[in-house]
Amino acid sequence: MAAPGLAQVGSDPISEKAVGRNSELSTIVVTATRHAESILEVPAAIDVVRPDSVRPDALGVNLSEVLDRVPGLLVRNRQNSAQDEQVSIRGFGARATFGVRGIRLYTDGIPASMPDGSGQVSHFNLDSAERIEVLRGPYSALYGNSSGGVIQLFTADGIDPAERRFDLVGGSSGNLRSSVNLRDASDRFDSNIGLTWFRTDGYRDHSAAQRLSSNAKLHWQAADDATLTLLANTLSMPEAQDPLGLDREQFDENPRQATEAATLFNTRKSVNQVQAGAIWEQDLGDQHDWRALVYGGKREVEQFLAIPVFAQLAPRSAGGVIDLDGSYRGGDVRWSWRGSAVEFTLGTSYEAFDQQRRGYENFLTDLVGVKGALRRDEGNRSRSLDQYAQMDWEFAPSWSLLAGIRHSNVAFRVDDHYITQSNPDDSGERTYSATTPVAGLLYRPSQAARLYASWGRGFETPTFSEISYRNDGGGLNLDLKPARTQSVEVGAKFQWLPNLEFSVATFRAETNDEIAVATNFGGRSTYRNVAQARRQGIEASLRVRFDDQWRLQLAATGLDARFRTPFLACVGIPCVVPSEPVAAGARIPGIPRLNLGAQIVRGGDLGWRIDARINHLGDVLVNDAGTQSADAYSVFGLGIGYGLAVSSGRLRSFLELDNLFDRRYAGSVIVNDGNGRFYEPAAGRSVTLGVQWLWSPR
């Protein structure tokens, strides 16, 4: 059995695979089954992307650069480093106004999602990554709370002979990235260490930022069929400016502007994060093995918001500065057994997050945009304890069944330390639990084709941000229920090696107690449950290698996401009481009905490489009432690069043009923004130039 997370895979038609460097199409994936498995043999929609194969000539900073041709997945660059990219899978996670929620995120097995379901991708290091796996559909529920989908980044192993890679990339908007990556291997030990520095002036006014990230993976193979992997990751992002969203009039007038409130309050965000982990894998013999992961980390955030002074004068206001000091830790232990026709996995995981949350006024007398008086001081704690079991049973030569079940227990606790005569004790606690079964049936009509159907149940608890405020202005919103989803998927996969790969899947997800905005007032949003919602659609991908030089990749997603029961929505500014009727059948905001991507490439690492790209996104509603929307758009890109073999290595340079025709469009939207600032403009025509030196000293 191959060690989980160590399979050589890729979604680019010329990627290196575990079955040999000349194999053209993806063959192995580990996400769904927690062990190395052919991508054809998993009854689920999965894509595997190698950043250095799919988009080697790019800025190399954001997930949106490498995941824009994964069907069912939408990653939107907000042109705002103070806010993470918007990430959604089949519509789950689309309502997140900051960070990522509704889907599970991992780096080398370490959760980038906290127990409450909130997460971030700012520390994902693309320079040292081997691959990114994207799992969609019912099997995501095997990863617990808020798993409408799963994205996992895996750091590459070290190699022999050793490689030293140096990158310098720059371009429009003052973008500049420099990085160094060191990969080595000898006998039983290998390593991958990377350091990346990035700065930008920002496409928009008041959007400058810089960040420094590092990533390290050390792997040791013991003599007794055991392996130890040590992992470390850091991120430093000081005072990234936040231009805020624009209303429609501002967007049409000048998409590069920042709002007046952003400059007045100097809205900004600082982040410092460090984490480390260890994975021990042991072959016990007799077809048994076990794997243990332990990890821990610390994340500090300070964010200055544009909440007006008058709104902070309310006795129960939490102020306009958020100060978070959090630590997280956890572990996962699992045992596996493999028979001739059956594989079985049993495991348990624990996640803990402790955070000191303080709020301060963002003014001192007449001076705004500074830290003022304390207005909130509380301890936030979340815990999850899960148990899971999976079985893969090949019960006939052409048939197999993959089934699993997971029980999750997620606990929240708040200890209020800011208690005054006008601000009573808001301490409280709440526990959510769910059992989420999944099952999938796979049929093999031929060596190149697979047909499958899968079903599962999942759940999504509120995050700490969503339970932090009640709509009556009081304390915690502990009445929020978790959203519970039942989903089904039917699909087909085809691989005609070595030149063609095609997959298609249809899906439907029915959700009860969908979480939505209740009120917007004083710079704060409160949330409630709005009964039923449905997300259904079809997705397809095609990868073709025409000859040694030409490759084509296509991805398409059609998604219909609607509320199934009527409710009242907030539309006023401010909105204290929901009053706008939303009819059953209304579209869910933040979710486009159509998403298309295509890329054609000629060439490879050496010699000339030319690529052309197109991405199309349908229109997107920006609020529950459906009174405004961001228009559909199509954007084009071109790139040219040249790779030259030099002594002990390779030298490569490139030029990339994005948004070739300078299309004005909203690259992302802030769903249900309380100030009506829904639109986050995408960059206009931009240029990126880069050079990479790959040196192998031996």
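The values are calculated or read from the model by the stated rules, or taken from the named source; none is laboratory data. None of these values were measured; they are calculated from a predicted model. Quick reminder, even Gly has a Cβ in these numbers, built from the backbone with ideal geometry, and neighbours come from all protein chains shown. In case anyone asks, the SASA skips ligands and DNA or RNA and just uses the protein heavy atoms, side chains included. Shrake-Rupley method; radii C 1.70, N 1.55, O 1.52, S 1.80 Å.
Summary of computed values
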quantity	calculated
Any hit, region 509-516, residues being aliphatic (A, V, I, L, M), part of a loop (DSSP other than H, G, I, E, B), touching a strand residue (DSSP E or B) at 6+ places or on another chain (Cβ under 6 Å) and surrounded by 22 or more Cβ atoms within 10 Å (Cβ to Cβ)	no
Residue in region 470-477 that is among the small types (G, A, S), on the phi < 0 side of the Ramachandran plot and buried (at least 22 other Cβ atoms within 10 Å of the Cβ) present	no
Filter result (closer than 30 Å to G109 by Cβ and either hydroxyl-bearing (S, T, Y) or touching a His at 6+ places or on another chain (Cβ under 7 Å) (or both)) within region 288-323	Y295
Complete set of residues in region 90-120 that are touching a residue at least 60 places away in the same chain (Cβ under 8 Å) and within 9 Å of the chain's Cα centre (by Cα)	R101
Of all residues making up region 183-204, the number that are of a type outside the set (D, E, K, R) and surrounded by fewer than 17 Cβ atoms within 10 Å (Cβ to Cβ)	3
Selected residue [touching a Ser or Thr at 6+ places or on another chain (Cβ under 7 Å), open to solvent by less than 40 Å² (accessible area, probe 1.4 Å) and more than 28 Å from D68 (Cα to Cα)] from G572, G649, G585	G649
In region 517-535, residue least open to solvent (accessible area, probe 1.4 Å) [restricted to those that are farther than 30 Å from G320 by Cβ and either without any contact (Cβ under 8 Å) to a residue 60 or more places away in the chain or part of a loop (DSSP other than H, G, I, E, B) (or both)]	A533
Unique residue being touching a residue at least 24 places away in the same chain (Cβ under 8 Å), more than 30 Å from V309 (Cα to Cα) and not in a strand (DSSP E or B) when the list is I591, I538	I591
Test: residue in region 300-315 that is in contact with a strand residue (DSSP E or B) (Cβ under 6 Å, 6 or more places away or on another chain), crowded, with 16+ Cβ neighbours inside 10 Å and on the phi > 0 side of the Ramachandran plot	no
Candidates G626, G684, G674, G667, filtered to the one that is in a strand (DSSP E or B), small (G, A, S) and surrounded by 15 or more Cβ atoms within 10 Å (Cβ to Cβ)	G667
Any hit, region 471-494, residues being modelled with pLDDT under 90 and either under 26 Å from L73 (Cα atoms) or among the aliphatic types (A, V, I, L, M) (or both)	yes
Where a residue in region 615-640 is on the phi > 0 side of the Ramachandran plot and its partner, wherever it lies, is hydrophobic (A, V, I, L, M, F, W, C) and open to solvent by less than 40 Å² (accessible area, probe 1.4 Å), with Cβ under 8 Å and at least six apart	G626/V582; G626/A586
Subset of region 541-567 (residues that are open to solvent by 50 Å² or more (accessible area, probe 1.4 Å), over 29 Å from I588 (Cβ atoms) and either in contact (Cβ under 8 Å) with a residue 24 or more places away in the chain or not in a loop (DSSP other than H, G, I, E, B) (or both))	F546, Q549, W550
Matching residues in region 405-461 - criterion: being among the hydroxyl-bearing types (S, T, Y) and closer than 21 Å to S38 by Cα	Y443, S446, Y452, S454
Residue match in region 447-455 (condition: closer than 20 Å to R316 by Cβ, surrounded by 15 or more Cβ atoms within 10 Å (Cβ to Cβ) and at pLDDT 95 or above)	no
Qualifying residue in region 379-389 (condition: surrounded by fewer than 22 Cβ atoms within 10 Å (Cβ to Cβ) and over 30 Å from V294 (Cα atoms))	no
Residues satisfying the stated conditions in region 339-378, i.e. open to solvent by less than 30 Å² (accessible area, probe 1.4 Å), more than 28 Å from the chain's Cα centre (by Cα) and hydroxyl-bearing (S, T, Y)	none
Residue satisfying all of: in region 412-421; assigned to a strand (DSSP E or B) and open to solvent by less than 60 Å² (accessible area, probe 1.4 Å); nearest to L313 (Cα to Cα) among these	D416
Test result for V121, closer than 28 Å to A352 by Cα and not small (G, A, S)	yes
Residue count for region 688-697, restricted to those that are open to solvent by 50 Å² or more (accessible area, probe 1.4 Å) and either under 23 Å from A612 (Cα atoms) or of a type in the set (F, W, Y) (or both)	4
Residue satisfying condition, being open to solvent by 10 Å² or more (accessible area, probe 1.4 Å), among the polar types (S, T, N, Q) and modelled with pLDDT of 95 or more, within set N499, N409	N409
Options A208, A223, A276; residue that is farther than 25 Å from L694 by Cα, open to solvent by 10 Å² or more (accessible area, probe 1.4 Å) and at pLDDT below 95	A223
Pair list, Cβ < 6 Å and 6+ apart or interchain, from region 276-298 residues that are on the phi > 0 side of the Ramachandran plot and aliphatic (A, V, I, L, M) to residues that are part of a loop (DSSP other than H, G, I, E, B) and open to solvent by 30 Å² or more (accessible area, probe 1.4 Å)	none
Failed criterion for R165 (all others in (1) in contact (Cβ under 8 Å) with a residue 60 or more places away in the chain; (2) within 25 Å of G245 (Cβ to Cβ); (3) open to solvent by 10 Å² or more (accessible area, probe 1.4 Å) hold)	(2)
Candidates D127, D108 - the one that is of a type in the set (D, E) and touching a Phe, Trp or Tyr at 6+ places or on another chain (Cβ under 8 Å)	D108
Odd one out for V87 among (1) in contact with a Gly (Cβ under 9 Å, 6 or more places away or on another chain); (2) in a loop (DSSP other than H, G, I, E, B)	(2)
Considering residues of region 422-436 that are assigned to a strand (DSSP E or B) and among the charged types (D, E, K, R) only, the residue most open to solvent (accessible area, probe 1.4 Å)	E429
Residue count, region 59-75 (criterion: more than 16 Å from A555 (Cα to Cα) and open to solvent by 10 Å² or more (accessible area, probe 1.4 Å))	4
Candidate set: region 440-467, residues that are among the small types (G, A, S) and touching a residue at least 40 places away in the same chain (Cβ under 8 Å); chosen: the one nearest to V410 (Cα to Cα)	G458
